[in-house]
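The values are calculated or read from the model by the stated rules, or taken from the named source; none is laboratory data. Note that this is a predicted model, so its numbers are computed, not measured. Note that each Cβ is placed from the backbone with ideal geometry, even for glycine, and that neighbours are counted across all protein chains shown.
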Amino acid sequence: MIRLFLVAALVAATPAFSPLLAQDEPLRGPRKIDPRWHALTHARLIPSPGALVEDATIVLRDGVIVSVETGGEAPAGARVWDCSGLTVHAGFVEMYAGVEAPLPDATGLGGYWQSEKVVPQRSALDGERLTDSEVESLRGAGFTAAAIAPSDGVLGGSSAVVALGAGEGDVAAATPEVIEDGVYQTLAFRRASWGSEGSLAYPNSEMGAIALIRQALMDADHHAACLAVDATEVAGHEPPQPNEALDALRRGGAPFLFNASSELQLLRAARLADEFNRPVMVLGTGTEFRRLDAVLAAGLPLVLPVNYPEAPDVSTSMAADAHSLRDLATWEHAPSNARRLVDGGATVALTSAKLDDRGDFMAGVREAIERGLDPVEALRALTVTPARLLGVDDRLGKVEPGRLAHLVVRTADPFAEDSEIRDVWVAGRRFEIEAAPAPTHEGDYAFRLETEGGPIEGTLRLKSSSSAEVLVGEDSFELDDLKVGPQHMHFHLEAEALAPEGVFSGTGLFEGEAIHGSLVGPDGAMMRWSATRTGDVPDEEDEEDDGEADGDDRSSGEDVESDGEAEEPEASLEDGPLPLPFGAHGLTAYPDAETVMIRNATVWTAADAGIVEGAVIVVQGGKIRYVGPEALAPVPGGARIIDAQGGHVTPGLIDCHSHTGISGGVNETGRRVTSEVRIGDVINPDDINFYRQLAGGLTAANLLHGSANAIGGQNAVIKLRWGASHPEDMKAEGAMPGIKFALGENPKRVAAGTDRSDEYPQTRMGVAALIEDRLVAGREYRESLERYAALSEWERARTMPPRRDLELEALGEIVAGERWIHCHSYRQDEILMLARLAQAFGFKIGTFQHVLEGYKVAEEIAEAAVGASTFSDWWAYKFEVVDAIPHNATLMSDVGVNVSINSDSSEHARRLNTEAAKAVKYGRMERAEGIKLVTLNPAIQLGIGDQTGSIEVGKDADLAIWSGDPLSYQSRCVSTFVDGRELFSLEADAAGRAAAEAERQRIIQKLLKKGSKPKMSRGSWGRRGGGERLADRDLARFRDELEDLWRSGADPTLSRPGVCGCFDVLYEMAATRAGSR
Amino acid sequence: MSTSIQLRLAALVVLAAPTLAQDLTPSAAAQDGPVLLRGATIHTVSGDVIEGGDLLFEDGVIQAVSAERLDAGEARVFELEGRHVFPGFVLATSTLGLVEVDSVDMTIDTSEGGSINPEVYAAVAVNPDSWHLPVTRRNGVLVAGVFPQGGLVPGRVSTIQLDGWSWEDLALDRHAGLAINWPAERSARFRRWSGGGDDAGDRTKRQIAELDALFDAAAAYVAAKDADPTVPTDLRFEAMRPILAGEDPVFLSITTRKQAEAALPWCAERGLRVAIAGGRDALEFADLLVRHDVPVAITSTHRLPHRRDLSYATTYELPAKLEAAGVRWCLTMGARDSSNARNLCYEAAAAVPHGLTPAQALRSVTLSSAEFLGIEDHVGSLDKGKHATLFVADGDPFELGTKIEHAFVQGRKISLTDKQTALDAKYREKYRQRGTLKRD
């Protein structure tokens, strides 16, 4: 609507005031008219990035650029602004400025959808807009328009582009504020805050937020489909209900702006964009360079902040130790982020968002330019690109006739160090940012003083506003107490030539190039003097001419650093590939699959061959090509020969229960059934524990949701592909989809910890009933889909389609045998319950996890489940595990259960070989069987038993080489291969440690040389990014909880098996206590 | 006063019921005659390993350790050719007997209310029928320090042996020293994660001031009470007498160098004896430990490195590095949850592939731990005059395949069965009856 009006205004050249703009209140007194007709003349104009027009005349009328000409004349009637010596460019466009917007009325159309975090029907225009000080700070940085957006929510509502300054001043009518409404929908993986909505609000994990978004988008499609059916045939079904929230998410609407709080979140948002084929832009974090290739491959438009981290404190060696190489190097590389992304071909806009102080914005952009960002690209990223991304590039972003009159007038090129903004023009109105400095009067003046004895002539040298001297012949006199104002000067003078004693008091009045003044002598007699400017004060010495503004922004780079600190750009630093994961032990390139022959080893095949001494393994193309005697071994050309020197080789170890490398919460505790959430959405390949576990021979793991819910989230089976580019690359191909269930104390405790007395389940009876109900629901859901699919096309056009329900979809897969349950369980009664339930439904359970009383019902487990995955010897940490025995693995195995031993701990996962040895110790299990507990058996339990888990020809080359017997404490892992790639070796580890230490010291030295003071204060990481802050009282309580735990010796970094991650335990403790109080 | 050793040799009726869980079976009978362990490899720890040696003990005390064949006399003889004899492992810090089930509050007796509780001591609350004791000793852990937890001064530490009818039987030393959780700055990570809180430095200063006030008040009380016995009695300060006198140590829980820099001069100034538990960063304050001649009990090798850049093997490498630095150290486990105390020897073993010798590893969980607890005159090595608190194994106890065959506590031959072995037997029998046991 508004857009149409603007075009009409242009064509018709209507009078100044829009008839469509409402006036808030009736006029009081006469109108105050602003003709809004201006001409900026003699400007040095940058009409678009990379272009330049000297001596331009820009005519603005009624908020629109009417003409842009070289030379040219101001039309009669326009107010003329002489821009000689000034540079003009298009106003910057801010892509994200968060505002508070009220939640829509819960009783309105459609109400809230599932959660008050999903309010796409809300608009940024519903609320209070930007504060005056925010608008001023934006204009001060050169922004003339901004997309304002609701600052909370998961699907938080729509954004509008507004002019920065509409409504200010006292003219008779406001200029149009809204340039375009509904430019994007905000999207963020925000979690429900603790406490404020009850500690168990949904979603309180990142994977929960992702599931919520997926369901909402599916519901939007479903809603549209229902409306389509209703349009075809009204009869035969109940009417679809109006729903503003889902309407707001319809296809073909605005794109999404995803507010990322990490570069990994960006990649997750990109997956959503792919899945739903929806356009997504990303408000980044400034750390995208840490996953550069994957970010570039995602191809999403990026809105980048310049919130570089503060210089890490390295003032003492202890303080320096606290910073990881990852943090130090992030500090060092952050200013290169934009340059790397632009060079990589990304669409980049720059934003002042995520800065603590917007006043730091231009310095941040300049730093990016110093680090190689082309200033033309920087200007593009602030004008043309954001305008295009916001769909307003026909109105903003360039200085061309027909566009809105959004201009910046400044003293030099936009990113030159000394470039100051004079004025910002918003919608054809001028906002003065910084007035031109008053003219100075410095210079040499020929003066003449009329004395009684005749005129005295000489030179008045005004050196500054407080320093001047008078030169008469060979003599010179300093003027004392000099004050030079814009128009007047005052001074005192003691000059023996004029009077032996006493002080003369002088004044002067500047008139153009001349000064006219008086001088009153000690005797009170007044003399007149006058002076005429003859030129500049001559240089006294060889002054450096760095004070000159030469307008060359490319040279400005060196000026940013103060003298003596100018740094040589470090070519290697800027151009080299960055390690993945970023930080110590990262790889600059993911290795190719090697051709390797391992000889002189004892091979634990975990297959029928058992333990074979002196066997040879040949690996090629990521697969095992040969296992057997050396004499018969093929030796492929170029093979690297590894002499194991009498060591042992086992299959890579596999952990059937891990919580390593999961971002944003291991548990989604916002609901009791969360089969819709997926660990696979939140894999964190940067977790250093993956590397540590590789160092213990681990090559694959089952990443599981926590045990807070009777029915938890979907698992992700991964390989430890340390250094892979994308989190998706971690996923093990061909693994059986799985899901976490949990019985017993944990789900009971979490439900009891909510503030609802009717929360379910609070007993093992309730757990059983809840699971049965949801499995039935899943089955019936699937049946409803099948019934619908069987309809003819004609019938389908007239039948309301079933809603796709992510929770039920996963449950239906379980019943259909397409998804294996990995069930946290302890007591024999609950194990038997689930076994019987599965048998009644006719599906096989994947594994019973922990299953510490599994030895009591081993026959039933063998029958109902693929396997059992237990701890070696943990017990007594909860009441339900008082009957745990370390003989469990062996006893179950002796009754025919496929048994694995897992870690449930990032620490235990580093030594599963000796955990397996405990089964040999306590149950006297055969050694060759013992190794299967952590290799083949878990592989089978995860559905990858035909690919990995044993050393057999054709299987993946996932191998661990040990210095000796893998079941002995004396051995250590020497080398670990994943898919035929050596991702850990003792030699590489030593080299990596040395390199990391050298790199740390290099950066620390750099910091020490710089001095510990940060150059400027900037935004801090994550504070404004994504998740919300905890409420204070929860913080206090939580801090105490942690404190107690910590004091008593538990290190929060040390997760404990059996309780699914230390922080989750704390969470559950907090939740429980909140409930009991 | 600090060492009240119970050596009671009352004759007790033997009720042998080896298949029952130990928590339901009686403790071992007192040694009723001399015992000779013959022809074993004797790991004295204090001295050389003796191949094919004899070890004789009577009345709970080792009478002789010899490379030569000893006269059996009336002794009961165990022919132990090919077997190995070790002193019982000593777990320096634990909550054995104070915690039954970690998640059930009513089974936990570790933390008295308030922050400063020198009047409480651990031994009095150790449950002799705890499930944990037989499970732990089955792997050779026969002696332990028991540490109250929580607050600034949790209470007094006791040392126990893992066999006895009552807590009095169990106690080797009821008052072994005073536990102090030395004030720690919260880590930056902790502060960031928990959203700040009061300034770390101020908090630390305040807590050190609390400790100052406690020790000053205690000293003033002692002087007053000694000068005038009518001064009312204060149990807290009475408990601190041997601490103030430097007879019993303070056991400081210390992680970082910053803590050590504050604590060790503080203790030196007050003339206190010191031992340190925790010691995560002990290598960084090894110079302080050596200069002040303070022993440190390292909590666990099976921990994750606490910083991203540290070597994956940091915790495994620490013991060998401390050894090289000349620090008096022993290895222990986190005291909060002692259900895994049986893995003590594996924690020590984990340092062996990273530079520690097996002999050094063995000392770290025997004699060095005994020295840490101040009971090295009685346990920790196989020497004449020490308790016959030892075990016999068929090999290197650090190896997971090794079986412990016999164990003695003060000469009493203890049962090596427990609830867990009983449950194993019970359910093995179930499947045997049903014919579903594929391997027996």
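When A:Thr660 is tested against the conditions (1) modelled with pLDDT of 95 or more; (2) more than 30 Å from A:Ser115 (Cβ to Cβ); (3) touching a helix residue (DSSP H, G or I) at 6+ places or on another chain (Cβ under 9 Å), the lone failure is (2). Only one of the numbered conditions (1) in contact (Cβ under 8 Å) with a residue 12 or more places away in the chain; (2) over 30 Å from A:Asp829 (Cβ atoms) is violated by A:Arg774, and that is (2).
Taking residues in the range A:893-917 that are within 8 Å of another protein chain (Cβ to nearest Cβ), and partners anywhere that are among the aromatic types (Phe, Trp, Tyr), the pairs with Cβ atoms closer than 6 Å and at least 6 places apart or on different chains are A:Val895/B:Tyr431. For the range A:967-983, filtered to residues that are within 9 Å of chain B (Cβ to nearest Cβ) and either of a type in the set (A, V, I, L, M, F, W, C) or touching a residue at least 60 places away in the same chain (Cβ under 8 Å) (or both), the residue that is farthest from A:Glu915 (Cα to Cα) is A:Ser971. Annotation for the range A:131-138: no member residue is of a type outside the set (Gly, Ala, Ser) and assigned to a strand (DSSP E or B).
Please tell me if B:Val124 is in a helix (DSSP H, G or I), without any contact (Cβ under 8 Å) to a residue 60 or more places away in the chain and not acidic (Asp, Glu). Considered against the rule, which asks whether it is in a helix (DSSP H, G or I), without any contact (Cβ under 8 Å) to a residue 60 or more places away in the chain and not acidic (Asp, Glu), B:Val124 comes out as yes.
Taking the conditions (1) more than 14 Å from every other protein chain (Cβ to nearest Cβ); (2) under 20 Å from A:His657 (Cα atoms) in turn, A:Glu952 satisfies each one other than (2).
Tell me, please, whether a residue that is modelled with pLDDT under 90, outside the structural domain of A:Glu676 (by TED's automatic domain parsing) and either surrounded by 16 or more Cβ atoms within 10 Å (Cβ to Cβ) or of a type in the set (Gly, Ala, Ser) (or both) can be found in the range A:120-127. So far as the range A:120-127 goes, no, none of its residues is modelled with pLDDT under 90, outside the structural domain of A:Glu676 (by TED's automatic domain parsing) and either surrounded by 16 or more Cβ atoms within 10 Å (Cβ to Cβ) or of a type in the set (Gly, Ala, Ser) (or both).
Of the set (1) farther than 24 Å from A:Thr144 by Cα; (2) modelled with pLDDT under 95, all apply to A:Gly359 but (1).
Tell me which residues, restricted to the range A:60-79, are in contact (Cβ under 8 Å) with a residue 40 or more places away in the chain, surrounded by fewer than 15 Cβ atoms within 10 Å (Cβ to Cβ) and in a strand (DSSP E or B). Selection gives A:Arg79 alone.
One residue is enough: does the range A:857-873 have a residue meeting the conditions closer than 30 Å to A:Arg972 by Cα, surrounded by fewer than 24 Cβ atoms within 10 Å (Cβ to Cβ) and within 14 Å of chain B (Cβ to nearest Cβ)? Looking for residues that are closer than 30 Å to A:Arg972 by Cα, surrounded by fewer than 24 Cβ atoms within 10 Å (Cβ to Cβ) and within 14 Å of chain B (Cβ to nearest Cβ), one finds none in the range A:857-873, hence no. Within the range B:307-325, none of the residues are on the phi > 0 side of the Ramachandran plot and surrounded by 22 or more Cβ atoms within 10 Å (Cβ to Cβ). No other residue among B:Thr159, B:Thr110, B:Thr93 is among the β-branched types (Val, Ile, Thr), in a loop (DSSP other than H, G, I, E, B) and within 27 Å of B:Glu247 (Cα to Cα) apart from B:Thr110. Exactly one residue out of B:Val120, B:Val77 is modelled with pLDDT of 95 or more and within 20 Å of B:Ala144 (Cα to Cα): that is B:Val120.
Conditions first: (1) assigned to a helix (DSSP H, G or I); (2) free of Cβ contacts under 8 Å to residues at least 60 places away in the same chain; (3) within 14 Å of chain B (Cβ to nearest Cβ); (4) not hydroxyl-bearing (Ser, Thr, Tyr). A:Ile831 passes all but one, so which condition is the exception? Going through the list (1) assigned to a helix (DSSP H, G or I); (2) free of Cβ contacts under 8 Å to residues at least 60 places away in the same chain; (3) within 14 Å of chain B (Cβ to nearest Cβ); (4) not hydroxyl-bearing (Ser, Thr, Tyr), A:Ile831 breaks only (2).
Looking at the range A:892-932 only, could you name the residues that are in a loop (DSSP other than H, G, I, E, B) and not aliphatic (A, V, I, L, M)?
Within the range A:892-932, the first condition is being in a loop (DSSP other than H, G, I, E, B), and the residues that meet it are A:895-898, A:902-907, A:911, A:924-926.
A:Gly896, A:Asn898, A:Asn902, A:Ser903, A:Asp904, A:Ser905, A:Ser906, A:Glu907, A:Arg911, A:Arg924, A:Glu926, listed by residue number.
For the range A:718-762, which residues satisfy the criterion of being of a type in the set (A, V, I, L, M) and at pLDDT 90 or above? So that I can check it myself, show each step before the final result.
Step one: of the range A:718-762, the residues of a type in the set (A, V, I, L, M) are A:718, A:720, A:724, A:730, A:732, A:735-736, A:739, A:742-743, A:750-752.
A:Ile718, A:Leu720, A:Ala724, A:Met730, A:Ala732, A:Ala735, A:Met736, A:Ile739, A:Ala742, A:Leu743, listed by residue number.
Residue-wise test of (1) in contact (Cβ under 8 Å) with a residue 24 or more places away in the chain; (2) under 22 Å from B:Lys438 (Cβ atoms); (3) not in a loop (DSSP other than H, G, I, E, B).
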{"position": "A:Ile951", "(1), (2), (3)": "yes, no, no"}
{"position": "A:Asp965", "(1), (2), (3)": "yes, no, no"}
{"position": "A:Ala994", "(1), (2), (3)": "no, no, yes"}
{"position": "A:Glu999", "(1), (2), (3)": "yes, no, yes"}
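Does A:Asp293 satisfy the criteria of being charged (D, E, K, R) and without any contact (Cβ under 8 Å) to a residue 24 or more places away in the chain? Judged against the criteria, A:Asp293 is not a match. Here's a check for you: in the range B:96-107, which residue that is part of a loop (DSSP other than H, G, I, E, B) and closer than 30 Å to B:Leu214 by Cα is nearest to the chain's Cα centre (by Cα)? The selected residue is B:Leu96. Within the range A:48-105, the set of residues being within 29 Å of the chain's Cα centre (by Cα) and either on the phi > 0 side of the Ramachandran plot or not hydrophobic (A, V, I, L, M, F, W, C) (or both) comprises A:Pro49, A:Gly91, A:Glu94, A:Tyr96, A:Gly98, A:Glu100, A:Pro102, A:Pro104.
Right, A:Arg749: touching a residue at least 40 places away in the same chain (Cβ under 8 Å), part of a helix (DSSP H, G or I), surrounded by fewer than 23 Cβ atoms within 10 Å (Cβ to Cβ) and within 14 Å of chain B (Cβ to nearest Cβ) or not? Working first, answer last.
Numbers: touching a residue at least 40 places away in the same chain (Cβ under 8 Å): yes; part of a helix (DSSP H, G or I): yes; surrounded by fewer than 23 Cβ atoms within 10 Å (Cβ to Cβ): yes; within 14 Å of chain B (Cβ to nearest Cβ): yes.
It is true that A:Arg749 is touching a residue at least 40 places away in the same chain (Cβ under 8 Å), part of a helix (DSSP H, G or I), surrounded by fewer than 23 Cβ atoms within 10 Å (Cβ to Cβ) and within 14 Å of chain B (Cβ to nearest Cβ).
Here the range A:316-334 is the region considered, the condition is being facing chain B (nearest Cβ under 9 Å) and hydrophobic (A, V, I, L, M, F, W, C), and the residue that is farthest from A:Pro305 (Cα to Cα) is A:Met318. Entry remark, the range B:398-435: residues being among the polar types (S, T, N, Q) and on the phi > 0 side of the Ramachandran plot number 1 in total.
Taking (1) more than 13 Å from every other protein chain (Cβ to nearest Cβ); (2) under 26 Å from A:Val717 (Cα atoms); (3) in a helix (DSSP H, G or I) in turn, A:Arg836 satisfies each apart from (2).
Scanning for something acidic (Asp, Glu) and under 30 Å from A:Ala320 (Cα atoms), does the range B:242-250 turn up at least one residue? No, the range B:242-250 has no match at all. If only residues of the range A:459-477 that are in contact with an Asp or Glu (Cβ under 6 Å, 6 or more places away or on another chain) and charged (D, E, K, R) are counted, the one that is surrounded by the fewest Cβ atoms within 10 Å (Cβ to Cβ) is A:Glu469. Among the residues of the range B:382-440, the ones that are among the hydrophobic types (A, V, I, L, M, F, W, C), closer than 22 Å to B:Pro134 by Cβ and more than 10 Å from chain A (Cβ to nearest Cβ) come to 11 in all.
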